[in-house]
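The values are calculated or read from the model by the stated rules, or taken from the named source; none is laboratory data. This structure is a prediction, so every number in the text was calculated from the model and none was measured. Here the Cβ is made from the backbone with ideal geometry for all residues, glycine too, and neighbour counts use every protein chain on show. For the accessible areas, the whole protein counts, side chains as well, though only heavy atoms, and no ligand, DNA or RNA atoms are used. Shrake-Rupley method; radii C 1.70, N 1.55, O 1.52, S 1.80 Å.
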Amino acid sequence: VQLQASGGGLVQPGGSLRLSCAASGSIVSINAISWHRQAPGKLRELVASITRAGDTDYEDSVKGRFIISRDNAENTVYLSMDSLKPEDTAVYYCNALTFDREYYWGKGTLVTVSS
């Protein structure tokens with residue numbers, strides 16, 4: 001499984017961004033895709049996830065602001081982020097969990113929220 005994350009950039013507080021995670025390779029082996037982030041000096045944390053069945057879950061601080069969705073035809077998972085705050089600044093990574101409990105990571109994309 002290969003993952004390609006994109007869509008990061010610089011945005012002002014209150015602004016929006018949409019991240020994309022394009023999956024390739026053994027797509028049928030993927031059980032869930034999640035977004036994680038790592039801010040400078042902090043541990044990587046789970047932000048949102050979506051399972052093959054379509055179930056979603058969010059970290060508390062992003063509930064109501066972020067939405068994870070998918071386009072099966074494009075093998076892409078999106079993270080739509082609204083009402084961005086400076087504390088959302090981080091490198092965002094997508095992760096795939098397979099049915100065999102293997103994890104795959106894509107390269108991160110930097111999101112900077114600053115005026």
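Convex hull over the alpha-carbon atoms of the chain: what's its volume per residue in Å³?
92 Å³
Please list 3J(HN,Hα) in residue order for region 55-66, calculated via the Karplus relation 6.51 cos²θ - 1.76 cosθ + 1.60 where θ = phi - 60°; whole Hz, with x for glycine and proline.
With the stated coefficients, region 55-66 comes to 6, 10, 8, 9, 5, 4, 6, 10, 4, x, 10, 10 Hz.
Report the calculated FRET efficiency for Arg52 and Glu87 (r = Cβ-Cβ distance, R0 = 25 Å), to the nearest 0.05.
In this case the efficiency is close to 0.20.
Please calculate how many Å² of accessible area region 1-83 carries per residue, with a 1.4 Å probe and no DNA, RNA or ligand atoms counted.
Per residue, region 1-83 has an accessible area of 54 Å².
Placing +1 at every Lys and Arg Cβ and -1 at every Asp and Glu Cβ, with all other atoms neutral, what dipole size does region 59-106 have around its Cα centre, in debye to the nearest 20?
For region 59-106, the charge dipole is close to 80 debye.
How long are the semi-axes of the equivalent ellipsoid of region 48-115, taking √(5λ) for every eigenvalue λ of the Cα gyration tensor, in whole Å from largest down?
Here the semi-axes work out to 23, 14, 11 Å.
Take Asn31 and Arg44, extend 7 Å from each Cα along the Cα→Cβ direction, and tell me the distance between the two endpoints in nm.
1.8 nm
Can you give me the % of accessible surface on the chain that is carbon or sulfur? Probe 1.4 Å, all protein chains present, nothing else counted. Before the final figure, lay out the partial values.
Numbers: 3070 of 6290 Å².
It is 49 percent, rounded to a whole number.
With only Lys, Arg, Asp and Glu charged, each at its Cβ (+1 for the first two, -1 for the last two), find how big the charge dipole of the chain is about the Cα centre; round to the nearest 20 debye.
For the chain, the charge dipole is close to 200 debye.
Give the relative contact order (percent, whole number) for the chain; include only Cα pairs under 8 Å separated by 6+ residues.
Numbers: 280 pairs, mean separation 43.4, N = 115.
Dividing the mean separation by the residue count of the chain yields 38 percent.
Please give the per residue volume of the convex hull enclosing the alpha carbon atoms of region 12-54, rounded to a whole number of Å³.
119 Å³
Just to check I understand the Karplus step: with θ = phi - 60° and J = 6.51 cos²θ - 1.76 cosθ + 1.60, what whole-Hz values come out for region 38-47, glycine and proline as x?
9, 8, x, x, 10, 6, 5, 10, 6, 9
Only Lys, Arg, Asp and Glu count, each charged at its Cβ (+1, +1, -1, -1), so figure out the dipole size of region 1-68 about its Cα centre, rounded to 20 debye.
Numbers: 7 positive and 5 negative charges, 34 e Å.
So the dipole magnitude of region 1-68 works out to roughly 160 debye.
Can you work out ³J(HN,Hα) from phi for every residue in region 16-24, in order, using Karplus 6.51 cos²θ - 1.76 cosθ + 1.60 and θ = phi - 60°, giving whole Hz and x for Gly and Pro?
10, 8, 10, 8, 10, 10, 8, 9, 8
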